[in-house]
Structures are given as structure tokens and as C-alpha cells.
Amino acid sequence: MKKGLIGIELGSKNLRIYSKEKDQILRLKNVIALTEDSETAAVGNEAFSMYEKEPHQIQIITPMVHGVIGDYTNMRRLLAQILRRYLRKLKKYEFYMAVPSDITGVERRAFYDLMLESFRSVKEVRLCPKPMADAVGLGIDVGAPCGNMVINMGADTTEISVISLGGIVRSRLVKQGGSQIDQWMISKLKRNYNIEIGMKSAERLKLLYARREEEG
């Protein structure tokens, strides 16, 4: 029976889905918009486009908090809609989900259950530590007898890990990331210049500054 191989990363701000069959990565905002009746108004990039512009009848929710599932019900609803929309109708799918290494067993189990409950065509779910996935993606020889430090800075968290001999020697998930930098920029502009901006504008300014620093 033909099956599809899918890789998924649930970030605090972004959702990435890799399809081996199509050999492409789908990048979407990990956001869901709900109506007053708790009905889904939009998901992904469409929902994110409403952020900071939504009327009081619409609520914008980010289900992931500090690298783990903070709102299980809405994360399941968001993921189910995206998977049904973008995946081809094969009989079975095998999923590989990247999860932080430094989380509890209960938090890890939530990732596993989420996948099983979101998509009926799930054949098998495998959880892969994010630091190991990052290292392999970077081309690092994870089996070498030496220490390799991998730092993954996301929206809500920064995961710092040391990998050696095919395993994770030490990993620490720090609850600070790019969103905190955005918030610092908002506070500084308000305090020093009495200018108010939103999170979207702060992120654009941060990326523009980083790009200029790279260019010298």
C-alpha cells in the first residue's frame, strides 16, 4: 500500500510541513482565527493577516506557547484543517515530528496524540528531537566523537544543545526568543520616542536591522 512520508515542526509562530513525495517544504503561520461562536474563521497565513486588525468578533490564537502545545484543542483544529487542505489523499501517511528535547514526558505525549487525532490517514508517528534534526539538516556529522553545539532560536524559545556520538549530551530550552526582542523594541520606542508600533512592525524592523548588519 502506497504511503506518504511527512515531516512536521510545530513552532511557536511558524508551522513547517515537509512532504518527501513532493520534496518541498510548506511554511505557514501557526495561528488560528475564531469567531464569537468558536467557529474557525481562518488558519495559517490567512489568520495571521488578520492579526492586529481583527474586530472584537474575531479572536486570534497562537496555540503553541514556549515550544509546547498550550492550547491542545485549537492546535488540533488548526493542524487538521491544514493537513486536509495540503496533503494528497493517500491511504496512509507516516509522520516524523520534531519536538524539543528539554520537555516533560506529558508534553512529549501531547505531540504524539495531537498527530493521531488530527488526521485520520496517520499510519505511524515518530517523534524526533529537534536538536538532532537541526544538526542533520546543517550537515553536521552527529556520529563524530566530538562535541557539536547547536542553537535554535525560535519565536518563544531558544534551545541550546550539545551533540556527540549520535546522541544529545545536554540540552536546555530557554523561554526567550525572537518575540521577546520584538517586545523590547516596542517598549523602547514607546518609552524613548512615544511611538507605538505592533508586533508585526517590530519584527520587520528587527529583520531589516539584522539584514543590514549582515551586509556590513
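Quick check on my filter: what residues within region 1-23 are touching a helix residue (DSSP H, G or I) at 6+ places or on another chain (Cβ under 9 Å), polar (S, T, N, Q) and closer than 13 Å to residue 82 by Cβ? Of everything in region 1-23, just one residue is touching a helix residue (DSSP H, G or I) at 6+ places or on another chain (Cβ under 9 Å), polar (S, T, N, Q) and closer than 13 Å to residue 82 by Cβ, namely 19.
Evaluated against (1) of a type in the set (D, E, K, R); (2) over 18 Å from residue 4 (Cα atoms); (3) in the same structural domain as residue 65 (by TED's automatic domain parsing), residue 126 falls short on exactly one condition, (2). When restricted to residues that are in contact with a helix residue (DSSP H, G or I) (Cβ under 9 Å, 6 or more places away or on another chain), in contact (Cβ under 8 Å) with a residue 24 or more places away in the chain and not hydrophobic (A, V, I, L, M, F, W, C), region 172-199 contains 4. Against the condition free of Cβ contacts under 8 Å to residues at least 40 places away in the same chain, out of contact with any Lys or Arg (no Cβ under 9 Å at 6 or more places or on another chain) and in a helix (DSSP H, G or I), how does residue 126 come out, does it pass? In short, no.
Across region 82-123, the qualifying residues are those that are within 19 Å of residue 22 (Cα to Cα) and either among the β-branched types (Val, Ile, Thr) or outside the structural domain of residue 67 (by TED's automatic domain parsing) (or both), and the one among them that is nearest to the chain's Cα centre (by Cα) is 82. Taking strands (runs of 3 or more DSSP E) as the structural unit, those lying wholly within region 26-94 and holding at least 1 residues that are crowded, with 20+ Cβ neighbours inside 10 Å and at pLDDT 95 or above correspond to 32-34, 40-43.
Condition (residue is basic (Lys, Arg) and in contact with a helix residue (DSSP H, G or I) (Cβ under 8 Å, 6 or more places away or on another chain)) applied to region 24-41: is it met by at least one residue? Looking for residues that are basic (Lys, Arg) and in contact with a helix residue (DSSP H, G or I) (Cβ under 8 Å, 6 or more places away or on another chain), one finds at least one in region 24-41, hence yes. Selection of region 142-172 for residues being small (Gly, Ala, Ser) and touching a strand residue (DSSP E or B) at 6+ places or on another chain (Cβ under 6 Å) yields 147, 161, 171.
The values are calculated or read from the model by the stated rules, or taken from the named source; none is laboratory data. All figures in this text were calculated on a predicted structure; none of them were measured in a lab. Glycine also receives a Cβ, built like all others from the backbone with ideal geometry; neighbour counts cover every protein chain displayed.
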